[in-house]
Amino acid sequence: MRADLGWSYTLAGAMNTANAAGYLLGALSAPWLMRRAGVPHVLVGASLLASVFMAGSGFFTGAAPLLAQRLLAGVTSAWVFVACGLLAARLGQWYPTRSGLMLGVVYGGVGWGIVLSALAVPGVLTAHSHEPHGWAWAWWWLALACVMATAALVWPAHFFKQKEALMLDDIAVAAINHSATSPAPQAHSTVYWVRKLGFAMAGYACFGIGYIGYMTFVIALLRDQGVAPADITLFYALLGAAVVASGRLWAGLLDGAKGGGALSLLNGLLGVATVLPAVTTAWPLLLLSGVLFGAVFLSVVASTTALVRHNLPVAQWPVGISAFTIVFAVGQIFGPSAVGWIADGPGGLARGLLCSALALWLGALLAWRQKPLVVPA
């Protein structure tokens, strides 16, 4: 799309910035929406809407409507992620000995989408390369895949819908118990708990800034370095497979790290993965970058849900997950445009990814300062 439509790296980054701005709006509105419609309905409905907006990106060539499409897709994606995070946290409550694995499996499911797109999109692009704006077919194919994935969500959503009344009762009882047993009203207020997780949230915002630059531009950098299309497909497919495997890889870490240790470690490793394409063109190291990135980046998201589950009262879980999603979205807003702007200057994309790695390492230092909280009984 960037080559066909004559975009600068700044404009290409702005597309993901618009997506992240929508993500912020979605995170802000998710708690209210889940209270009104119920978590399972939000999950399936938002996934279906995201599929529609995915398809819409294939119908336009102007920057303004494409920016609008990315904005709307961001809103609905945030609803999906917040709903998934809350349901995963509830699963962890029902099966506490396997909570880390369940969080990893839920977020690692993104990897299947990455693998599917990595294997299918190049063929779609090749098949329609002779047509004007043949890349539109890739958007439509991805939209179809999203619809099929949404259909697969119906059964688990139905399972949680049956449990939803019990879930809401549990949350209400927990809120009453905390009000009755804690002498300090601020100890169970939303502002209190969010403030107490400030270092973790700052580290997560840095993650949002840093990781999105890699995901936005690493394929463009590989092409600039002369990597063959088949090798790029392999790179992205291995990245996705590593995301799937990450659920089991980090399960123990998510179970055991009550403070910011997991978030810190994962941010630090992600910085290493991000900096490698900026400092080397050696193909084995580039593959290592993709595998390491895939093995870590969705587990960073899972680590924040684990933090919420370990440190916040049950009544605060929806707001806590939304709060982390909000700071993540704020980071995503700045990341793509900043990296694109840097990439348009001296040093190109390599310098942009170096800045992304620095943001991730800063996030690791901030998260390392997060201590576990003491939740009132």
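Structure summary
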read-out	value
Search result, residues across region 202-253 that are among the hydrophobic types (A, V, I, L, M, F, W, C) and not in a helix (DSSP H, G or I)	VAL227, ALA228, TRP250
Hey, ILE342 over 20 Å from PHE297 (Cβ atoms) and either touching a helix residue (DSSP H, G or I) at 6+ places or on another chain (Cβ under 8 Å) or touching a residue at least 24 places away in the same chain (Cβ under 8 Å) (or both) or not	yes
Criterion (of a type in the set (A, V, I, L, M, F, W, C) and closer than 29 Å to ALA237 by Cβ) met by exactly one of ALA27, ALA73, ALA63	ALA73
Candidates THR304, THR274, filtered to the one that is part of a helix (DSSP H, G or I), within 15 Å of ALA359 (Cα to Cα), among the polar types (S, T, N, Q) and in contact with a helix residue (DSSP H, G or I) (Cβ under 8 Å, 6 or more places away or on another chain)	THR274
Enumerated helices (runs of 4 or more DSSP H) restricted to region 7-109, each holding at least 1 residues that are modelled with pLDDT under 90 and of a type in the set (Gly, Ala, Ser)	9-37, 63-94, 99-108
Yes/no for VAL327 being within 18 Å of THR216 (Cα to Cα) and in contact with a helix residue (DSSP H, G or I) (Cβ under 6 Å, 6 or more places away or on another chain)	no
Condition check for THR150: of a type in the set (S, T, N, Q), at pLDDT 85 or above, in a helix (DSSP H, G or I) and more than 26 Å from ILE232 (Cα to Cα)	yes
Counted residues, region 345-356 - those being hydrophobic (A, V, I, L, M, F, W, C) and surrounded by 24 or more Cβ atoms within 10 Å (Cβ to Cβ)	2
Which listed residue is modelled with pLDDT under 85, more than 30 Å from LEU33 (Cα to Cα) and buried (at least 21 other Cβ atoms within 10 Å of the Cβ), from ILE342, ILE321, ILE333	ILE342
In region 290-346, residue nearest to LEU87 (Cα to Cα) [restricted to those that are under 13 Å from the mean Cα position of the chain (by Cα) and among the hydroxyl-bearing types (Ser, Thr, Tyr)]	THR305
Some residue of region 368-375 being of a type in the set (Lys, Arg), out of contact with any Asp or Glu (no Cβ under 8 Å at 6 or more places or on another chain) and under 17 Å from LEU307 (Cβ atoms)	yes
For PHE53: the one exception among (1) closer than 24 Å to PHE324 by Cα; (2) free of Cβ contacts under 8 Å to residues at least 40 places away in the same chain; (3) touching a Leu at 6+ places or on another chain (Cβ under 7 Å)	(1)
Any hit, region 263-273, residues being among the β-branched types (Val, Ile, Thr), surrounded by fewer than 17 Cβ atoms within 10 Å (Cβ to Cβ) and more than 25 Å from LEU373 (Cα to Cα)	yes
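Every residue, every condition in (1) buried (at least 16 other Cβ atoms within 10 Å of the Cβ); (2) touching a Gly at 6+ places or on another chain (Cβ under 6 Å); (3) modelled with pLDDT of 90 or more, yes or no:
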{"site": "PRO183", "(1), (2), (3)": "no, no, no"}
{"site": "PHE207", "(1), (2), (3)": "yes, yes, yes"}
{"site": "ALA220", "(1), (2), (3)": "yes, no, no"}
{"site": "GLN225", "(1), (2), (3)": "no, no, no"}
{"site": "ASP255", "(1), (2), (3)": "yes, yes, no"}
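The values are calculated or read from the model by the stated rules, or taken from the named source; none is laboratory data. These numbers were taken from a predicted model, which means no experiment stands behind them. Virtual Cβ from ideal backbone geometry, glycine too; neighbours counted across all protein chains shown.
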